[in-house]
Amino acid sequence: MNQVLAELDGFDPTIGIVFLAATNRPEILDPALLRAGRFDSQVLVDRPDGAGRAKILAVHAGKVLLAEDVEIEKVAALTPGFTGADLANLVNEAAHGRARRILEANQALLLERAGQLLARETLADDELLAILKRVVTPPSLEPTVAAVRPVMNA
(Lines give C-alpha, C1' and ligand atoms only; values in the text may rest on other atoms or scores of the structure.)
Protein backbone atom coordinates (compact mmCIF):
# COMPACT_ATOMS: atom_id res chain seq x y z
CA MET A 1 0.00 0.00 0.00
CA ASN A 2 2.80 2.40 0.90
CA GLN A 3 4.50 1.80 -2.42
CA VAL A 4 1.29 2.55 -4.32
CA LEU A 5 0.85 5.79 -2.38
CA ALA A 6 4.45 6.80 -3.00
CA GLU A 7 4.11 6.09 -6.72
CA LEU A 8 0.91 8.12 -6.92
CA ASP A 9 2.61 11.08 -5.27
CA GLY A 10 5.49 10.87 -7.72
CA PHE A 11 3.42 11.39 -10.88
CA ASP A 12 3.55 14.66 -12.75
CA PRO A 13 0.01 16.10 -12.46
CA THR A 14 0.16 17.40 -16.03
CA ILE A 15 0.63 13.93 -17.51
CA GLY A 16 -2.49 11.82 -18.00
CA ILE A 17 -2.14 8.65 -15.97
CA VAL A 18 -4.94 6.14 -15.62
CA PHE A 19 -4.75 4.08 -12.46
CA LEU A 20 -7.51 1.52 -12.10
CA ALA A 21 -8.10 -0.44 -8.91
CA ALA A 22 -10.92 -2.57 -7.58
CA THR A 23 -11.93 -3.97 -4.23
CA ASN A 24 -14.88 -5.80 -2.79
CA ARG A 25 -14.03 -4.43 0.68
CA PRO A 26 -14.08 -0.62 0.36
CA GLU A 27 -14.65 -0.22 4.11
CA ILE A 28 -11.10 -1.35 4.89
CA LEU A 29 -9.31 0.95 2.43
CA ASP A 30 -6.67 3.19 3.94
CA PRO A 31 -8.08 6.75 4.21
CA ALA A 32 -4.75 8.09 2.86
CA LEU A 33 -5.50 6.30 -0.39
CA LEU A 34 -8.82 8.10 -0.74
CA ARG A 35 -7.77 11.61 0.24
CA ALA A 36 -8.47 14.51 -2.12
CA GLY A 37 -6.26 14.69 -5.17
CA ARG A 38 -5.43 10.99 -5.31
CA PHE A 39 -8.24 9.86 -7.56
CA ASP A 40 -10.48 11.92 -9.81
CA SER A 41 -13.41 9.59 -9.43
CA GLN A 42 -14.63 6.45 -7.77
CA VAL A 43 -17.09 4.18 -9.53
CA LEU A 44 -19.32 1.94 -7.48
CA VAL A 45 -20.22 -1.30 -9.21
CA ASP A 46 -23.14 -2.64 -7.24
CA ARG A 47 -24.34 -6.20 -7.05
CA PRO A 48 -26.32 -7.30 -10.11
CA ASP A 49 -30.07 -6.81 -10.33
CA GLY A 50 -32.47 -9.63 -11.27
CA ALA A 51 -31.80 -9.40 -14.99
CA GLY A 52 -28.04 -9.27 -14.39
CA ARG A 53 -28.20 -12.29 -12.09
CA ALA A 54 -30.18 -14.20 -14.74
CA LYS A 55 -27.50 -13.44 -17.35
CA ILE A 56 -24.70 -14.45 -14.98
CA LEU A 57 -26.53 -17.66 -14.05
CA ALA A 58 -27.05 -18.45 -17.74
CA VAL A 59 -23.30 -18.16 -18.36
CA HIS A 60 -22.40 -20.47 -15.49
CA ALA A 61 -25.31 -22.87 -16.07
CA GLY A 62 -24.13 -23.23 -19.67
CA LYS A 63 -21.26 -25.33 -18.32
CA VAL A 64 -23.59 -27.96 -16.81
CA LEU A 65 -26.51 -29.95 -18.15
CA LEU A 66 -29.73 -28.44 -16.77
CA ALA A 67 -33.07 -30.19 -16.53
CA GLU A 68 -35.69 -28.84 -18.91
CA ASP A 69 -37.82 -27.49 -16.05
CA VAL A 70 -35.08 -25.24 -14.61
CA GLU A 71 -36.12 -21.59 -14.84
CA ILE A 72 -33.04 -19.35 -14.68
CA GLU A 73 -35.21 -16.25 -14.08
CA LYS A 74 -36.87 -17.93 -11.07
CA VAL A 75 -33.47 -18.79 -9.55
CA ALA A 76 -32.29 -15.23 -10.25
CA ALA A 77 -35.34 -13.86 -8.44
CA LEU A 78 -34.52 -15.99 -5.39
CA THR A 79 -30.94 -14.72 -5.13
CA PRO A 80 -31.09 -10.98 -4.38
CA GLY A 81 -27.77 -9.65 -3.10
CA PHE A 82 -25.73 -12.43 -4.74
CA THR A 83 -22.58 -11.41 -6.57
CA GLY A 84 -21.34 -13.04 -9.76
CA ALA A 85 -18.98 -15.18 -7.69
CA ASP A 86 -21.85 -16.21 -5.42
CA LEU A 87 -23.91 -17.27 -8.42
CA ALA A 88 -21.01 -19.21 -9.95
CA ASN A 89 -20.54 -20.96 -6.61
CA LEU A 90 -24.28 -21.77 -6.46
CA VAL A 91 -24.16 -23.55 -9.83
CA ASN A 92 -20.89 -25.27 -8.92
CA GLU A 93 -22.20 -26.54 -5.58
CA ALA A 94 -25.41 -27.79 -7.19
CA ALA A 95 -23.38 -29.70 -9.80
CA HIS A 96 -21.09 -31.19 -7.14
CA GLY A 97 -24.10 -32.20 -5.05
CA ARG A 98 -25.64 -33.92 -8.05
CA ALA A 99 -22.38 -35.76 -8.74
CA ARG A 100 -22.25 -36.95 -5.10
CA ARG A 101 -25.85 -38.20 -5.29
CA ILE A 102 -25.10 -40.06 -8.54
CA LEU A 103 -22.05 -41.71 -6.98
CA GLU A 104 -23.94 -42.66 -3.82
CA ALA A 105 -26.88 -44.07 -5.79
CA ASN A 106 -24.59 -46.11 -8.03
CA GLN A 107 -21.94 -47.09 -5.48
CA ALA A 108 -22.91 -50.78 -5.43
CA LEU A 109 -22.88 -50.95 -9.23
CA LEU A 110 -19.53 -49.12 -9.41
CA LEU A 111 -17.95 -51.40 -6.80
CA GLU A 112 -19.26 -54.50 -8.58
CA ARG A 113 -17.90 -53.25 -11.91
CA ALA A 114 -14.55 -52.34 -10.32
CA GLY A 115 -14.38 -55.82 -8.80
CA GLN A 116 -15.02 -57.37 -12.22
CA LEU A 117 -12.27 -55.26 -13.76
CA LEU A 118 -9.80 -56.07 -10.96
CA ALA A 119 -10.50 -59.78 -11.32
CA ARG A 120 -9.12 -59.59 -14.88
CA GLU A 121 -6.18 -57.31 -14.12
CA THR A 122 -2.76 -58.36 -12.88
CA LEU A 123 -1.01 -56.54 -10.07
CA ALA A 124 2.52 -55.55 -11.03
CA ASP A 125 5.57 -55.76 -8.80
CA ASP A 126 6.20 -52.01 -8.99
CA GLU A 127 2.65 -51.34 -7.77
CA LEU A 128 3.25 -53.45 -4.68
CA LEU A 129 6.61 -51.81 -4.03
CA ALA A 130 5.14 -48.32 -4.42
CA ILE A 131 2.51 -49.11 -1.79
CA LEU A 132 5.13 -50.71 0.48
CA LYS A 133 7.07 -47.42 0.49
CA ARG A 134 3.99 -45.62 1.83
CA VAL A 135 3.14 -48.15 4.52
CA VAL A 136 3.76 -46.97 8.06
CA THR A 137 5.59 -49.25 10.44
CA PRO A 138 3.00 -51.26 12.38
CA PRO A 139 2.68 -50.08 16.00
CA SER A 140 3.82 -53.47 17.29
CA LEU A 141 7.22 -52.99 15.61
CA GLU A 142 7.80 -49.42 16.72
CA PRO A 143 10.26 -49.00 19.59
CA THR A 144 8.66 -48.01 22.86
CA VAL A 145 10.05 -46.25 25.90
CA ALA A 146 8.42 -47.21 29.16
CA ALA A 147 9.44 -44.56 31.67
CA VAL A 148 12.55 -42.49 32.06
CA ARG A 149 13.43 -40.95 35.38
CA PRO A 150 16.40 -38.74 35.93
CA VAL A 151 18.90 -40.22 38.34
CA MET A 152 20.22 -37.79 40.90
CA ASN A 153 23.63 -38.16 42.51
CA ALA A 154 23.50 -37.82 46.25
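The values are calculated or read from the model by the stated rules, or taken from the named source; none is laboratory data. On a predicted model such as this, the values are computed, not experimentally measured, just so you know. Ideal geometry is used to build each Cβ from the backbone, glycine not excepted, and the neighbour counts take in all protein chains shown.
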Q.
Tell me the residue from Lys74, Lys63 that is assigned by TED's automatic domain parsing to the domain that holds Ala99, under 28 Å from Thr23 (Cβ atoms) and surrounded by fewer than 16 Cβ atoms within 10 Å (Cβ to Cβ), please.
A. Lys63
Q: Would you check if Lys55 is farther than 13 Å from Leu87 by Cβ, of a type outside the set (Ser, Thr, Tyr), outside the structural domain of Ile15 (by TED's automatic domain parsing) and part of a helix (DSSP H, G or I)?
A: no
Q. Quick one: would you say Ala85 is touching a Gly at 6+ places or on another chain (Cβ under 7 Å) and surrounded by 10 or more Cβ atoms within 10 Å (Cβ to Cβ)?
A. no
Q: Report yes if Ala54 is surrounded by 10 or more Cβ atoms within 10 Å (Cβ to Cβ) and at pLDDT 75 or above, otherwise no.
A: yes
Q) Asp125 passes all but one of (1) modelled with pLDDT of 90 or more; (2) of a type outside the set (A, V, I, L, M, F, W, C); (3) farther than 30 Å from Val45 by Cβ; which number fails? A) (1)
Q: Identify, from the list Asp40, Asp69, the residue that is part of a loop (DSSP other than H, G, I, E, B), among the charged types (D, E, K, R) and closer than 30 Å to Gln3 by Cα.
A: Asp40
